[in-house]
Each structure stands twice: as C-alpha cells, then as structure tokens.
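We did not get these values from a lab; they are worked out from the coordinates using the rules stated. Nothing here was measured: the structure is a model prediction, and the numbers come from that model. Quick reminder, even Gly has a Cβ in these numbers, built from the backbone with ideal geometry, and neighbours come from all protein chains shown.
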Amino acid sequence: MTFFWAFVIGGLICVIGQLLMDLTNQTPAHVMVILVVAGAVLDGLGLYEPLIKFAGAGASVPITSFGNALVHGAMAEAKTHGLIGIITGIFEVTSAGISAAIIFSFLASLVFRARG
C-alpha cells in the first residue's frame, strides 16, 4: 500500500501542476513557484509532515517538498538561533539540492549546445 499511496499522492501533485498550466495561462515557472509556496504554506500549517508520513516519496520527491524543506529548516533553526536562524536554516536544509542543481546544470551546459 505504501507504493500505491506514493504513486497516488505524487501523481495528484503532478496533475495539479499540469492543470494549472493547461487551464490557466501560467508558465511552468509560475506553476513551480505556486507549488513551492503551497508546500511551504502546508508545512507552516503543520500539514505537510503528516502527508510525507502517509505518502512517503509521493510527497517528498515533488517540487512541493522543496517549499516544505525551506520552511521546515527555517522554523527549526529559528527556535534555536532566533531571527538569524531563519536564514541559516533555509540554506542548511536545502544546500545539497541547490548545490546539485548548480553543478549538474553547469555540467549539462558543457555537454549540450543551446539552440536559439
């Protein structure tokens, strides 16, 4: 059942993103921001962690979990370090993902030639 719920919840998140692009005139960048903010708001309300416990990778892999990670890290560090912890917490939790995106984007730019 774990795999089933991961598939269903992850698929629903993707369907929401696709519907936002198809039914509105939002660009993929706008939809990405909407989903990141939705994940951040859900984590701020305490709803995203139970979703991750229920759906596993179906909730922790999509872009909404990036918003969750931003808020989760900021809130955890704010409790221990105060105001400065908000900023450091954001980067502490998401630094591996951000670093990987930068490194792999650079490597892809060396391998592929841009058109246009």
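Of the residues Ala38, Ala57, Ala96, the one that moves most in a GNM of the chain with alpha-carbon contacts below 10 Å is Ala96.
Taking Ala74, Ala55, Ala29 as the candidate residues, the one with maximal mean-square fluctuation in a Gaussian network model of the chain, Cα springs under 10 Å, is Ala29. In order along the stretch 4-12, phi translates into HN-Hα couplings of 4, 5, 4, 5, 5, 5, x, x, 5 Hz, rounded to whole numbers, per the Karplus curve 6.51 cos²θ - 1.76 cosθ + 1.60 with θ = phi - 60° and x for Gly and Pro.
Return an integer: the convex hull volume of the alpha-carbon atoms of the stretch 31-116, in Å³ per residue. Spell out each step's value before the answer.
Details: hull volume 10.8 nm³, N = 86.
Hull volume normalised by residue count: 126 Å³.
What shape does the stretch 1-64 take by its C-alpha gyration tensor, where a ≥ b ≥ c are the square roots of the eigenvalues and a/c under 1.5 counts as rounded, a/b above b/c as prolate, and the rest as oblate? Since a/c reaches 1.5 but b/c is at least a/b, the shape of the stretch 1-64 is classed as oblate. At an R0 of 25 angstrom, the distance between the Cβ atoms of Phe104 and Val61 translates into a FRET efficiency of 0.90. In the chain, helical runs assigned H by DSSP with n ≥ 4 each contribute -39500 (n - 2.57); averaged across all residues and rounded to the nearest 500, the mean residue ellipticity at 222 nm is -28000 deg cm²/dmol. Taking a point 7 Å from the Cα of Val15 along the Cα-to-Cβ direction, none of the residues of the stretch 37-79 has its backbone N closer than 12 Å to it. Under a 10 Å cutoff between Cα atoms, tell me which one of Val37, Val71, Val15 has the largest fluctuation in the Gaussian network model of the chain. Evaluated over the chain, the most mobile residue of the options is Val15.
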